[in-house]
Amino acid sequence: MSKEIQTVAQNTNFKAVCVGPWAEIAQFAAGEVKGKVFLKDALGTSGSELSVGALPAHTALPFFHAHKQNEEVYIVLQGSGKMQVDEDVFDLKEGSVVRVSPKGSRSLKSGAEGLIYLCLQTKAGSLEEWTGKDAVFTQTPAKW
Ligand code: ZN
């Protein structure tokens, strides 16, 4: 049985969940895919899909895939491995961050310590304003 996402808090303008320690991501399953938890539905996001994946040591994803319209950013949290995009293969380690365009055919393989990573999926070309241009400072009194 797959591990469950815990809801921490929610209200009109937010939802907070917890997937637990990174070391326990392997206990999640998304359908047939073990070691993967998707967060779009749990969080109610409307512009992105975020997943956390765990590959045991010396394991490759069993497929290569591309996307119709979404780019992905892979962020390595722990471990090491290799990524292949089209014909290029490169090393991954803690702190590696990789953007892949929709048409890039991609896959991952873990090294000796396994690999735990985030994958952020967003519509390519959809970002119109970001950081300071999109931020609106508010006057909410701190309650902590
Ligand atoms: Zn993908």
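The values are calculated or read from the model by the stated rules, or taken from the named source; none is laboratory data. Because the structure is a prediction, the values reported are computed rather than measured. Cβ coordinates were reconstructed from backbone atoms using ideal geometry, including for glycine residues, and neighbour counts include every protein chain displayed. Protein only, heavy atoms only, side chains kept; ligands, DNA and RNA dropped before computing areas. Shrake-Rupley method; radii C 1.70, N 1.55, O 1.52, S 1.80 Å.
Under the condition of being hydroxyl-bearing (S, T, Y) and over 24 Å from S126 (Cα atoms), the residues counted in segment 47-105 number 2. Of E71, E49, which residue is within 30 Å of T140 (Cα to Cα) and within 12 Å of the ligand (Cβ to nearest atom)? Residue meeting the stated conditions: E49. Cβ-Cβ distances below 9 Å connect the following pairs, each with a first residue in segment 1-30 that is without any contact (Cβ under 8 Å) to a residue 24 or more places away in the chain and closer than 12 Å to G44 by Cα, a second residue that is small (G, A, S) and assigned to a loop (DSSP other than H, G, I, E, B), and a separation of six or more residues or different chains: Q10/G44.
On the given criteria, is H58 modelled with pLDDT of 95 or more and over 27 Å from P21 (Cβ atoms)?
So H58 fails the test.
So which residues in segment 105-140 are of a type outside the set (G, A, S) and either within 12 Å of the ligand (Cβ to nearest atom) or under 16 Å from the mean Cα position of the chain (by Cα) (or both)? Passing the criteria: R106, L108, K109, L115, I116, Y117, L118, C119, L120, Q121, T122, K123.
Give segment 82-132 a look and list any residue that's part of a strand (DSSP E or B) and open to solvent by 80 Å² or more (accessible area, probe 1.4 Å), or say none.
Initially, segment 82-132 is screened for residues part of a strand (DSSP E or B), giving 82-85, 88-93, 97-100, 106-123.
Within segment 82-132, K82, D88, V89, D91, K93, V97, R99, K109, E113, K123 qualify.
Check segment 91-104 and report whether any residue there is within 17 Å of the chain's Cα centre (by Cα), within 12 Å of the ligand (Cβ to nearest atom) and touching a residue at least 40 places away in the same chain (Cβ under 8 Å). The answer is no, given that none of the residues of segment 91-104 is within 17 Å of the chain's Cα centre (by Cα), within 12 Å of the ligand (Cβ to nearest atom) and touching a residue at least 40 places away in the same chain (Cβ under 8 Å).
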